[in-house]
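Working notes for the structure below.
Each reported figure results from applying straightforward, stated rules to the coordinates on display, with no laboratory input. Fair warning: this is a prediction, and the values are worked out from it, not measured in the lab. Heads up, the Cβs are rebuilt from the backbone with ideal geometry, glycines too, and the neighbour counts pull from every protein chain shown.
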Amino acid sequence: MRNRTREISILAREKDEPIYLTKNGEGDMVIMTIDHYERLKAQSELFEQLGVAQSQSAAGKKGITHSQMMTSLRRRVHA
C-alpha cells in the first residue's frame, strides 16, 4: 500500500487536480493535494462572501466606496 500511496501522491501533484476513487463503479473518495484543497476552500469562502454581498445589495444596503476601503486597509496595515 505504501508504494501505491506514493504513486497517487505523485500523480496528484503532477496533475494538480483531484483524483476520484470509485467502489463498485460508484464514486467513493476524492484525493487531492493540500494546496489544491486550500485553493478550493478559499474559492468557496469567496463565493460565500460574494453571495452575502449580493443579498445585501439586493436589499438596498449601501456599502463603502473604494476610497473608504483603501483608507481602512491602510490603517490596518500600519496599525
Relative contact order (%) - the chain, alpha-carbon pairs under 8 angstrom, separation at least six: 16 percent
Net charge near Leu40: determine it from the other residues with C-beta under 15 Å of the C-beta of Leu40, scoring Lys and Arg +1 and Asp and Glu -1. -3
Computed over the chain: longest principal axis from alpha-carbon atoms vs helix 34-58 long axis, angle to nearest 10 degrees, is 30 degrees
Of Glu45, Glu26, Glu17, which has the largest mean-square fluctuation in a 10 Å C-alpha GNM of the chain? Glu26
Along Cα→Cβ, 7 Å out, is where each label goes; now give me the distance between the ones at Ala59 and Tyr37 in nm to one decimal. 3.4 nm
In Å, the Kirkwood hydrodynamic radius of segment 2-78 over pairs of distinct alpha carbons? 16.4 Å
